[in-house]
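Here's the structure we're looking at; comments come further down.
Every number here is computed from the coordinates shown, using simple stated rules; none is lab data. All values reported here derive from a predicted model rather than from experimental measurement.
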């Protein structure tokens, strides 16, 4: 769902990582493995800019056959899924807080990708939006 294709470019002994769908997400690594590890953090940071600005999340483009994709961590994917559902339904954070019976700082923390929210909070938010959280080990 949030698998974003990356472009890996050799750059003076390092590997530069860019995302065509999220130009704000740029990082590098000593080699390809290190660059891809850093790419997760860059992706989460880039997506957090959209959440903070209350903008819709960029839709991942189709990767080419040999292109690698990167996705946020499982917790961040769940948070982003709730954020995306809220955005698609035109629900504001204040309305989500009202539906959940929460204070605004609780909702703000829910969408803070650096905050380790509890899964039951994410599930509760998904539920009031008519969604469910599914976890799959593949």
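So the values come out like this:
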| read-out | value |
| --- | --- |
| Value of relative contact order over the chain, rounded to a whole percent, pairs C-alpha under 8 Å and six or more apart | 20 |
| Scaled radius of gyration (Cα, divided by 2.2 N^0.38 Å) that the chain gives | 1.13 |
| Length-normalised contact order for the stretch 4-70 - Cα pairs under 8 Å, 6+ apart - percent | 35 |
| Top of 22, 59, 122 by mean-square fluctuation, Gaussian network on the chain, Cα under 10 Å | 59 |
| Value of [θ]222 nm, deg cm²/dmol, for the chain, DSSP H segments ≥ 4, -39500 (n - 2.57) each, nearest 500 | -14000 deg cm²/dmol |
| Length-normalised contact order of the stretch 40-94 in % [C-alpha pairs under 8 Å, at least 6 apart] | 40 |
